[in-house]
Amino acid sequence: MSLFTGTGVALVTPFNKESGIDEASLRKLIEYVIAGEANYLVALGTTSEAATLSETERYQVMELILEQNQGRLPVMVGIGGNNTREVVENIKRFPFLKFCKAILSVTPYYNKPSQEGMFRHFKTLSEESALPLFLYNVPGRTGVNLSSETVVRLSHECPNIIGIKEAGGNFQQVAEILKSMRSDFTVVSGDDGLTLPLISIGVKGVISVLANVFPAEFSKMVRLASLGNYTEAARIHLKCTGLYKALFAEGNPSGIKAALHAKGIIAHNVLRLPLTPVSERLYNELKDLCHSM
């Protein structure tokens with residue numbers, strides 16, 4: 001069975017008042033999600049604000065995560081981009097590969113490659129990477145959709161590509177992947193609010209934003225659904241409905257950082273431009289939602 005089933009947590013990067021890495025808050029967050037029975041950690045993804053971190057800072061965050069985790073949970077690391085050659089070089093020189101179990105790599109953004117271009121991009125990465133690769137399809141952010149046909153083709157032609165985080169919100173596309181993919185390929189949800197229904201058709205879990213703040217509750221929902229107990233899973237899912245909406249109302253990770261701050265898990269509600277903290281109105285709404293869970 002894949003290491004990457006159940007609930008993965010897309011970790012935020014807490015900042016201090018001076019916008020530097022808040023080491024204490026990051027260590028506290030890691031302990032919190034491990035205690036909440038998450039199944040694996042996802043480092044340097046979208047929710048980590050990796051796009052605003054320097055290479056030195058990304059290495060600092062990665063070292064802190066690995067040091068605090070102490071091998072307790074598998075770690076997936078985000079390494080992607082829209083320049084294939086540069087992504088290959090970034091993978092090869094990443095100093096922590098031997099401590100990770102897979103790479104999460106987003107579809108090339110901005111330059112809008114064709115399906116053939118994306119196929120060749122990921123095929124190249126899979127051939128050059130010492131670690132297995134997870135695809136990440138999130139068209140709402142990248143401006144391009146990795147089609148089900150391309151995902152299926154990659155699954156069959158590239159044995160080092162082991163799964164996909166699918167955040168396109170398209171049930172038909174997910175169903176087409178599940179129907180025709182390689183037998184040991186893993187599909188996980190990239191959308192918290194769609195996780196329960198997607199598990200019902202064969203998706204194996206989620207890489208979650210919400211699980212930063214409610215790891216125990218969300219992990220329990222995923223476990224119940226994976227065991228076919230949809231009645232109990234639905235109760236948790238419906239309880240989270242307000243959070244699904246509020247956490248993304250003014251962007252991610254603005255919402256999840258506000259919720260983590262409101263619960264006292266991170267010390268400061270600080271983001272780096274061009275991201276900004278949520279409005280006072282939404283902060284208070286998130287605070288109320290967190291207290292009602």
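Provide a single number: the residues in segment 141-179 that are assigned to a strand (DSSP E or B) and open to solvent by less than 20 Å² (accessible area, probe 1.4 Å).
5
Looking for something assigned to a loop (DSSP other than H, G, I, E, B), open to solvent by 10 Å² or more (accessible area, probe 1.4 Å), among the aliphatic types (A, V, I, L, M) and under 20 Å from Thr47 (Cβ atoms) - is there at least one such residue anywhere in segment 133-140?
Taking every residue of segment 133-140 in turn, at least one turns out to be assigned to a loop (DSSP other than H, G, I, E, B), open to solvent by 10 Å² or more (accessible area, probe 1.4 Å), among the aliphatic types (A, V, I, L, M) and under 20 Å from Thr47 (Cβ atoms).
Show the residue pairs that are 6+ apart or on different chains and have beta-carbon atoms under 8 Å apart, the first residue being within segment 6-19 and farther than 13 Å from Pro215 by Cβ, the second being surrounded by fewer than 24 Cβ atoms within 10 Å (Cβ to Cβ) and among the basic types (Lys, Arg).
Phe15/Arg272; Ser19/Arg272
Give me the pairs: first residue in segment 69-93 and in contact (Cβ under 8 Å) with a residue 60 or more places away in the chain, second residue among the hydroxyl-bearing types (Ser, Thr, Tyr), beta-carbon distance under 9 Å, and six or more apart or on different chains, which are they?
Pro74/Tyr40; Met76/Tyr40
Please work out which residue is nearest to Met181 (Cα to Cα), limiting yourself to segment 221-231 and to residues that are part of a helix (DSSP H, G or I) and among the polar types (S, T, N, Q).
Among residues in segment 221-231 that are part of a helix (DSSP H, G or I) and among the polar types (S, T, N, Q), the one nearest to Met181 (Cα to Cα) is Ser226.
Here's a check for you: in segment 193-220, which residue that is part of a strand (DSSP E or B) and among the aliphatic types (A, V, I, L, M) is farthest from Ala10 (Cα to Cα)?
So, considering only residues that are part of a strand (DSSP E or B) and among the aliphatic types (A, V, I, L, M), the one farthest from Ala10 (Cα to Cα) is Val206.
For Phe94, are the conditions met, namely being more than 24 Å from Lys257 (Cβ to Cβ) and buried (at least 18 other Cβ atoms within 10 Å of the Cβ)? Break it down into steps so the answer makes sense when it comes.
On the way: more than 24 Å from Lys257 (Cβ to Cβ): yes; buried (at least 18 other Cβ atoms within 10 Å of the Cβ): yes.
Considered against the rule, which asks whether it is more than 24 Å from Lys257 (Cβ to Cβ) and buried (at least 18 other Cβ atoms within 10 Å of the Cβ), Phe94 comes out as yes.
Within segment 19-41, can you find the residues that are touching a Phe, Trp or Tyr at 6+ places or on another chain (Cβ under 9 Å), open to solvent by less than 20 Å² (accessible area, probe 1.4 Å) and among the hydrophobic types (A, V, I, L, M, F, W, C)?
Ala38
Please verify whether segment 222-244 includes one or more residues that are closer than 20 Å to Ser19 by Cβ and in contact with a Ser or Thr (Cβ under 9 Å, 6 or more places away or on another chain).
No, that holds for no residue.
Checking Met76 against (1) open to solvent by less than 70 Å² (accessible area, probe 1.4 Å); (2) over 18 Å from Leu3 (Cα atoms); (3) out of contact with any helix residue (DSSP H, G or I) (no Cβ under 6 Å at 6 or more places or on another chain); (4) of a type in the set (A, V, I, L, M), which test does it fail?
(2)
Quick grid of which residues meet (1) touching a His at 6+ places or on another chain (Cβ under 6 Å); (2) within 28 Å of Ile199 (Cα to Cα); (3) assigned to a helix (DSSP H, G or I):
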{"position": "Leu238", "(1), (2), (3)": "no, yes, yes"}
{"position": "Tyr244", "(1), (2), (3)": "no, yes, yes"}
{"position": "Glu250", "(1), (2), (3)": "no, yes, no"}
{"position": "His261", "(1), (2), (3)": "no, no, yes"}
{"position": "Leu273", "(1), (2), (3)": "no, no, no"}
{"position": "Val278", "(1), (2), (3)": "no, no, no"}
{"position": "Asn284", "(1), (2), (3)": "no, no, yes"}
{"position": "His291", "(1), (2), (3)": "no, yes, yes"}
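The values are calculated or read from the model by the stated rules, or taken from the named source; none is laboratory data. Source: prediction; values computed, not measured. Glycine also receives a Cβ, built like all others from the backbone with ideal geometry; neighbour counts cover every protein chain displayed. The protein model used for the area step is the full one, side chains on, heavy atoms only, and it has no ligands, DNA or RNA in it. Shrake-Rupley method; radii C 1.70, N 1.55, O 1.52, S 1.80 Å.
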